[in-house]
Amino acid sequence: MEIKFVSRPWGSFKQYANNTACTVSLMTVEPGQRLSLQSHTMRDELWIVIDDGAMVQVGDEVRACKAGDEIWIPAGERHRLSCTGERALRVLEVAFGNWQQDDIERYADDYVR
């Protein structure tokens, strides 16, 4: 995915999608909670962290993320988002491809789904 950086006299902006089919979601994860370890076959995802306190796993790499961090998750890659902070964590998800709930393959899930 190409992220376009555009300069303007007042500052700049990043353009993540331009006339592209995508689904945009704002995820909220409560303190001490996490999503399942999962993958998708029909979509890539870009996560943009809004609040501090994110722990992100992509493949075998696990890293602490802060507000402003961007994480690219290719289709088929295992990934998980956890809230390690004391307040709810928000992450903007931009999914490129066919977003379907039944596209989720779970490898580990705290909620036994």
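The values are calculated or read from the model by the stated rules, or taken from the named source; none is laboratory data. Since the structure is predicted, the reported quantities are computational estimates derived from the model, not experimental observations. Note that each Cβ is placed from the backbone with ideal geometry, even for glycine, and that neighbours are counted across all protein chains shown.
What residue, among those in segment 62-80 that are among the hydrophobic types (A, V, I, L, M, F, W, C) and closer than 15 Å to Glu93 by Cα, is surrounded by the fewest Cβ atoms within 10 Å (Cβ to Cβ)?
Across segment 62-80, the extreme among qualifying residues is Trp72.
Identify, by number, the condition in (1) within 22 Å of Glu2 (Cα to Cα); (2) without any contact (Cβ under 8 Å) to a residue 40 or more places away in the chain that Arg63 doesn't meet.
All conditions are met except number (1).
Could you count how many residues in segment 66-103 are polar (S, T, N, Q) and either within 20 Å of Thr20 (Cβ to Cβ) or touching a Pro at 6+ places or on another chain (Cβ under 7 Å) (or both)?
The qualifying residues number 2.
Considering only segment 84-113, how many residues are assigned to a strand (DSSP E or B), at negative phi and of a type outside the set (A, V, I, L, M)?
6
Looking at segment 36-48, is at least one residue in contact with a Leu (Cβ under 8 Å, 6 or more places away or on another chain) and small (Gly, Ala, Ser)?
No: segment 36-48 contains no residue that is in contact with a Leu (Cβ under 8 Å, 6 or more places away or on another chain) and small (Gly, Ala, Ser).
Please count how many residues of segment 35-53 are over 10 Å from the mean Cα position of the chain (by Cα) and of a type in the set (Asp, Glu).
Adding up the residues that qualify gives 2.
Within segment 16-30, how many residues are of a type in the set (S, T, N, Q) and farther than 17 Å from Arg43 by Cα?
Residues in segment 16-30 being of a type in the set (S, T, N, Q) and farther than 17 Å from Arg43 by Cα: 1 in total.
Take the residues in segment 4-60 that are β-branched (Val, Ile, Thr) and free of Cβ contacts under 8 Å to residues at least 40 places away in the same chain, then tell me which one is nearest to Thr84 (Cα to Cα).
Result: Val56.
Filter segment 1-17 down to the residues that are surrounded by 10 or more Cβ atoms within 10 Å (Cβ to Cβ) and either in a strand (DSSP E or B) or at pLDDT 95 or above (or both) and list them by number.
Lys4, Phe13, Lys14, Gln15
Taking only segment 33-50 into account, find how many residues are assigned to a loop (DSSP other than H, G, I, E, B) and buried (at least 17 other Cβ atoms within 10 Å of the Cβ).
2
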